Amino acid sequence: HPMHLRTRSSDVTVFEQVFVHREYEFPMDFTPGFVIDAGANIGCASVYFANRFPEARIVAIEPEPANFALLSRNLAPYGDRVRLVEAGLWDREASLRVIEGEAGASWAFRVEECAPDAPDAVLATSLDAVAEPSRHPTIDLLKIDIEGAERQVFSASCDSWLKRTRLLVIETHDALHPGCTAAVETAAQRFPHQKTTSGENLVYVFGARDAESARRAATSHASVPGGA
């Protein structure tokens, strides 16, 4: 289906990362049935996953209102296969404030916790809350690109959803919040896994049966700039 981009913004670069450089086209030895796209931006990764895995159910999470409006437009053709959540990913339900990053970069919005009655407050949600309505036993593919909020998500008790995750693809942002990568790595170490990279993403394949997928993914991509 056609996609809608804002031409004088980072949308074009995000599109190129996903559909030209094919940042998420790493090999897999299983077909995901349930995918979560946290930090969905305008929906490029979700659209890619919807086309690569046509039977999968997808949840796309995005807190920034303008991004969410375009995300909704881009994913509308996929109907009820995709559930949209207008919220920021956090370790619990809370209230967040969206902070603008570099000018013109729709991928650079960050969040910080704020008072519930703040005029610019948006909802925060947890992965447990997002995954529970699906009733799917596993999170087959979890993509996270949330501009530093990953430190909060992984520093809290995340075992309840991480133990259900088969494949985690995450871009960490230590330049924004030191300790992001360490938080993710500490959490991942509690479960058997293989760790590789794809572009700027860390790829964690959990479970011994997926070790060969991890090995192949390690050599399948060169780094590309930016974030999707």
task = Check whether at least one residue in region 165-179 is modelled with pLDDT under 95, surrounded by fewer than 14 Cβ atoms within 10 Å (Cβ to Cβ) and among the small types (G, A, S), and report yes or no.
result = yes
query = Can you tell me which residue in region 133-150 is most open to solvent (accessible area, probe 1.4 Å), limited to those that are part of a helix (DSSP H, G or I) and farther than 16 Å from P32 by Cα?
reply = P133
task = Can you give me the number of residues within region 56-67 that are open to solvent by 30 Å² or more (accessible area, probe 1.4 Å) and closer than 26 Å to P119 by Cα?
result = 2
request  = Go over the candidates L75, L70 one by one and state the one that is aliphatic (A, V, I, L, M), open to solvent by less than 40 Å² (accessible area, probe 1.4 Å) and farther than 19 Å from S134 by Cβ.
outcome  = L70
note = When every residue in region 118-127 that is assigned to a loop (DSSP other than H, G, I, E, B) and not small (G, A, S) is compared, the one least open to solvent (accessible area, probe 1.4 Å) is D120
query = Can you find even one residue in region 196-214 that is of a type in the set (D, E, K, R), at pLDDT below 95, open to solvent by 20 Å² or more (accessible area, probe 1.4 Å) and under 16 Å from M28 (Cα atoms)?
reply = yes
task = Give the residue, chosen from V130, V47, V153, that is farther than 27 Å from R8 by Cβ, of a type in the set (A, V, I, L, M, F, W, C), at pLDDT 95 or above and surrounded by 16 or more Cβ atoms within 10 Å (Cβ to Cβ).
result = V153
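The values are calculated or read from the model by the stated rules, or taken from the named source; none is laboratory data. The structure presented is a predicted model; accordingly, all values stated were derived computationally and were not measured. Because the Cβ atoms are built from the backbone with ideal geometry, glycine has one as well, and the counts that use them run over all protein chains shown. When the accessible area is computed, the model is the full protein with side chains, heavy atoms only, and any ligands, DNA or RNA have been set aside. Shrake-Rupley method; radii C 1.70, N 1.55, O 1.52, S 1.80 Å.
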